[in-house]
Amino acid sequence: MATVFVLYINDPVVTPCLELIRKISNPFSKSKPHITVRYVEKLQKNDLKIYSETKVSEISLIEPDSFDSNEDNGNIVIFIKCASDILETLSHKPHFPDSVFHITLYEGSDKAFGLKILKLLKNIEWRFLVNLKEETELTRIELKTGKDKRTKKSDLLSTEIIDLFYNITGFQLTYDSLINFSKKERISFISYICDYLSTHTKAFKRIKNSNIGSYGGGDNISIWSKNLNNLTDNQNGFYLTPPELAIEITKYSLDLLGNEAINFGNPAVGTGVFFGALCNLVPVEKIASAIGIEVIPKRAKTTSERWSHKGLQVLMGDYLHMDKLPKRNLILANPPYVRYQHIEKEYGQLLRQRASIDIGMKIGGQSGLYVYFLLISHRWMSDNAIAAWLIPSEFMETNYGHSIRIYLTKNVELIRIHRFDFNDPQFENARVSSCIVVFKNKKPSENHTATFSCGGTLTSPNLREIVKISQLKNDRRWSIPKIKKENLNNPKIGDLFTVKRGIATGANDFFILKRSEAEQIGIPDIFLKPILPKARTIENDVIEKDKDGYPIVKKQLSIIDCDLSEENIKKSYPQFYKYLQSGIEKGLLSRSLIRARKIWYSQEKRNPTYFLCTYMGRGSKNFYPIRFLFNKSDAVATNSYLFLYPNEILSNAINENTVSLEEIFNLLKDIEKSGFEGYTRVYGGGLKKIEPKDLLEVHLTENPSWLKDIMNKELF
């Protein structure tokens, strides 16, 4: 059951008028004038307390507006846009990042009717401040599934509403008349109410208009994707920072900054959540200046309206191509999480060139957009400035993340990295593994140390350790916690095995069939090989084989692998040929991997091996995310597995009976318990992935005597 926090408006003048307009436009609505502050999907008990204890004494009514009024189909929503400094610091609607506070007055499919209401509302001089009767608390509502269609008359009309209607129109309002008004009558009555509201709010305190700056060519600015507005959240990389997290990051950064006046900067300001957190924590007079950059015009306008009266200057433009911005001593940012595949190729090349020149190092071609945001922001920082970034934690492990790792150890003084638990994603609309990176714009000393932490929160992590920067410089990848030192003297998997990826067919659903299905189609056994099913379906770590060499598993699968020409197949194996033709009709030859083969239905050559490792996984109560399998069958496997082939050293030991296959497998299984810490790449939801070259670097957790003997024998 979803939870929502709302603020009910209880002003004696405005509230009854808005409620009456709502009743006349939507006769069966039971909704009272309110503002939705937050939909709650994940909040800790302490965070919920913030909302339940919040009190609001005033609210600004800005102007009427509509949702979806330009669409041909669907509902139109007419509302009054609102603003509140207190509520802005708590607002969080991750699925609707550009949503504004509003009071809904009409919602329905009659767009012509809705637009007439909007026109009447625009005749009122808005932008005024409404003082609530008393400090009003937020109301927590549990949203139930389904709709209660039963509506009591008492729910529709109150005495206050009936009296107000009579005072404005001179007519008596009843339940029957309310539901039987014609559309023409409804518009007429709403017009009277708008006139009444306009007259009775003339003395209300007025609000100044906000201004928005432009930088980089206005609407014609060059951005990373020509179709930015048509991309999904996962493609445009915009994930809204929860306000409680923004407050925690801001507070931590302020403690590091000290008492100096604040020159705030955010290169991807979004809705302004970090600036809101700053205003929540320090007096406005301590903020000497504040600049936020936003590439999307509509979002820039909305953010300026929210925060310009507090001193935030919103510049609309592409931050990644801005120059000569005034220096900042506090940068707080959650940049777009855009993968390189969604960055326009030409734009990405120019961006990579600029960042490489700025930082003095080569930037990897597979860098996500956040890499450029962080590195290019170096020129925006004043000496000793504090920066805190909420970014994907994968930079600690990936090849393209090398540029950030170098930057954090050589260009600035790294203070803290906090990695959130992989099963606790910070964004409600995305499974992204995140971390907080905090540093000072100061060259690090040789003895400098940083704090690494993980799990829990930035303030109260589950694990905390001090790490020497000199050690980080030498580490190929970073992990939290660090790799256990006692294992580093043990042999690596690469000392005993060669590792190859499994077979990439290019079309598993065509080339891999149930064994029984392949038989029914008429594919000869000589063109079929046994292949393992997905690892999650294999219940035992040891895979036995049947008399035909197939693995003893619930679902036996075969993979097509044939080197004969199509002409020979057509002559000798017509049923098989017919099946291959069905693949051509499905367009398989247009796929790059299949098209590149000399014979499109001939697979990569992989010999069966005793030892396999899963390429990726989230794990379960029965299995670790990355696991080893002992394959006694003749089956090969797809590229969801990695093949471990014993090298010459280990092969000789096996042939000489120095070690058994079971002993080798037990040695591999011991590694699972360590979780491959420091070698895997971890993604949202706890998904772990290990590449072949990383698996080769994994140190064994044990070094038994037989292994020492064969390794020493190799040395001599």
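The values are calculated or read from the model by the stated rules, or taken from the named source; none is laboratory data. Since this is a predicted model, take the numbers as computed values, not measurements. We place every Cβ from the backbone using ideal geometry, glycine too, and count neighbours over all the protein chains shown. Heavy atoms of the whole protein, side chains included, go into the accessibility calculation; ligands, DNA and RNA do not. Shrake-Rupley method; radii C 1.70, N 1.55, O 1.52, S 1.80 Å.
Annotations for the structure displayed:
- For segment 185-199, the count of residues that are open to solvent by less than 80 Å² (accessible area, probe 1.4 Å), of a type outside the set (D, E, K, R) and at pLDDT below 90 is zero.
- For segment 76-123, the tally of residues that are β-branched (Val, Ile, Thr), out of contact with any Pro (no Cβ under 8 Å at 6 or more places or on another chain) and under 18 Å from Glu63 (Cβ atoms) stands at 5.
- Any chance Gly170 is at positive phi and modelled with pLDDT of 85 or more: yes
- Test: residue in segment 355-372 that is out of contact with any helix residue (DSSP H, G or I) (no Cβ under 7 Å at 6 or more places or on another chain) and among the basic types (Lys, Arg): no
- Residue check for Phe665: open to solvent by less than 40 Å² (accessible area, probe 1.4 Å), assigned to a strand (DSSP E or B) and modelled with pLDDT of 90 or more: no
- Residue, modelled with the highest pLDDT, within segment 668-716, restricted to residues that are among the charged types (D, E, K, R), out of contact with any helix residue (DSSP H, G or I) (no Cβ under 9 Å at 6 or more places or on another chain) and not in a helix (DSSP H, G or I): Glu691
- The set of residues in segment 605-644 being touching a residue at least 60 places away in the same chain (Cβ under 8 Å), open to solvent by 40 Å² or more (accessible area, probe 1.4 Å) and more than 19 Å from Glu539 (Cα to Cα) consists of Arg606, Asn639.
- First in segment 49-62 and open to solvent by less than 50 Å² (accessible area, probe 1.4 Å), second anywhere and not in a strand (DSSP E or B), Cβ under 6 Å, 6 or more apart: Tyr51/Leu138; Thr54/Leu138; Val56/Ile86; Ile59/Ser84; Ser60/Ile207; Leu61/Trp126; Ile62/Arg127
- If the condition is being surrounded by fewer than 24 Cβ atoms within 10 Å (Cβ to Cβ) and either at pLDDT 90 or above or within 18 Å of Gly270 (Cβ to Cβ) (or both), then segment 308-330 contributes Ser308, Lys310, Gly311, Gln313, Leu315, Gly317, Asp318, Met322, Leu325, Pro326, Lys327, Asn329.
- Per the listing Pro481, Pro551, the residue uniquely touching a Pro at 6+ places or on another chain (Cβ under 8 Å) and either at negative phi or exposed (fewer than 15 other Cβ atoms within 10 Å of the Cβ) (or both) is Pro551.
- Total residues in segment 249-274 satisfying the condition of being part of a helix (DSSP H, G or I) and either open to solvent by 40 Å² or more (accessible area, probe 1.4 Å) or under 15 Å from Ala387 (Cβ atoms) (or both): the figure is 10.
- Residue among Ile526, Ile559, Ile569 that is open to solvent by 70 Å² or more (accessible area, probe 1.4 Å) and not in a loop (DSSP other than H, G, I, E, B): Ile526
- The residue that is least open to solvent (accessible area, probe 1.4 Å), among those in segment 455-472 that are touching a Ser or Thr at 6+ places or on another chain (Cβ under 9 Å) and assigned to a strand (DSSP E or B), is Val467.
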